[in-house]
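The values are calculated or read from the model by the stated rules, or taken from the named source; none is laboratory data. Predicted model only: the values in this text are computed from it and were never measured. Note that we place each Cβ from the backbone using ideal geometry, even for glycine, and neighbour counts take in every protein chain shown.
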Amino acid sequence: MKNYLTASISESAVRHNVAALRGLIGDEVKLIPVVKDDCFGHGMDVLYPVLAEITDGFAVAAPLEALELRRKGYHGFILCFLSAYFDDFRIQDELVWQEITQTVMSRSALESIQAAAVRVGKTAKVHLKVDTGMGRLGVPAAQAVDLIKTINETDEVELTGIYTHFATADEKDRSATFQQLELFKSILPAAGGITRHAANSAATIDFPETHFDMVRPGIAVYGCHPSDQLRTSLGLKPCMSVKAKLIAVKHVPEGARSGYGLTHRYDRDSRVGVVPIGYGDGYFRNLSNKAVVRINGVDAPVRGRVSMDQMTVDVTDIPDVKVGDEVEVISSDPQAPNRVENLARLAGTIPYEITCHLGHNMRHELVD
């Protein structure tokens, strides 16, 4: 971790986003934020107390993420997408002992969970994941009814939920999502009175038919839209801003060049600032000569290639700029050119990847 890089996370923005999502789903539907990968890079340590207060549980990817929530003192519902089938017995047993809901998607997974329940002497609660067209994890839809029957006949394991995941809910063409939805609904009668859920951020926003008993928003909780197609009037507020400080300011003559490969040539006498962040910190190299940062409220273009732990920016048009000035690498202003969604567009990727990469090497702080 680099203490001179700070990700400021806005509590008020997160609360606003959760309230906006609740306004879409109503009082009867539970809201379970997806907090995998350190809250998509936003920092579980700072967001845990906020989210624990305003949501109905947590969804994580890995067993150790679920166990860390228990270590923080959380006693509520936790759904683990990737259960401990290949982990050692200690972790498998701990998930059952700590009453963490695991995902079943095959008979072998069910047998592993049952064995852990026998060792611990407690009933393991599970949700069945059904592959309705994502083509990734989940029991094939054609086999789901048989697996439901097998789970219900298995001692020490209780089926408490069933879910699926949409592949294209964030795209304009809605046909594939509706096909997945109809296939999922065809399986539900066999599942009986258990918790049903399917909606990610995009479906929570754009497909009220998918809300069922529970929704699992991820990136929307943190204030980013799932895609440009879903930039709605919901008014999501980005919660992350990333800041550094200038570590050098120097004059360069007209014709000088910057960075590896000397890819930028200055067409006037200029001043160059050095910012201590690079692709080793998660700031993408392909933002070279494309992105801007903000210093003293003024945009400073990134010039030359982004290095592993530093980059150069053109500060010629920023009066009185000096070493130690704050650099806003990422802005929480939804209109700023250095907002997460715009950086993702420049990098040819999605906001999720920007925030997940940036989160690992900097200090997180909760603000407002």
Flagged in region 289-344 as surrounded by fewer than 18 Cβ atoms within 10 Å (Cβ to Cβ) and assigned to a strand (DSSP E or B), in numbering order, are VAL298, ASP299, PRO301, GLU326
Hey, GLU182 assigned by TED's automatic domain parsing to the domain that holds THR101, charged (D, E, K, R), over 25 Å from the mean Cα position of the chain (by Cα) and outside any strand (DSSP E or B) or not: yes
Of the residues in region 190-228, those that are of a type in the set (Asp, Glu) and part of a loop (DSSP other than H, G, I, E, B) number 1
Conditions (1) within 30 Å of ASN152 (Cβ to Cβ); (2) touching a helix residue (DSSP H, G or I) at 6+ places or on another chain (Cβ under 7 Å) -> LEU82 fails only (2)
**Asked** Can you spot a residue in region 37-54 that is within 15 Å of ALA199 (Cα to Cα) and buried (at least 20 other Cβ atoms within 10 Å of the Cβ)?
**Response** no
Over region 333-368, the set of residues out of contact with any helix residue (DSSP H, G or I) (no Cβ under 6 Å at 6 or more places or on another chain), modelled with pLDDT of 90 or more and more than 15 Å from VAL292 (Cβ to Cβ) is GLY348, THR349, GLU353, HIS357, ARG363, GLU365, VAL367
Do we have SER112 as of a type in the set (S, T, N, Q), assigned to a loop (DSSP other than H, G, I, E, B) and either in contact with a Gly (Cβ under 9 Å, 6 or more places away or on another chain) or on the phi < 0 side of the Ramachandran plot (or both) here? no
Residues in region 251-288 that are assigned to a loop (DSSP other than H, G, I, E, B), among the aromatic types (Phe, Trp, Tyr) and farther than 20 Å from LYS2 by Cβ total 1
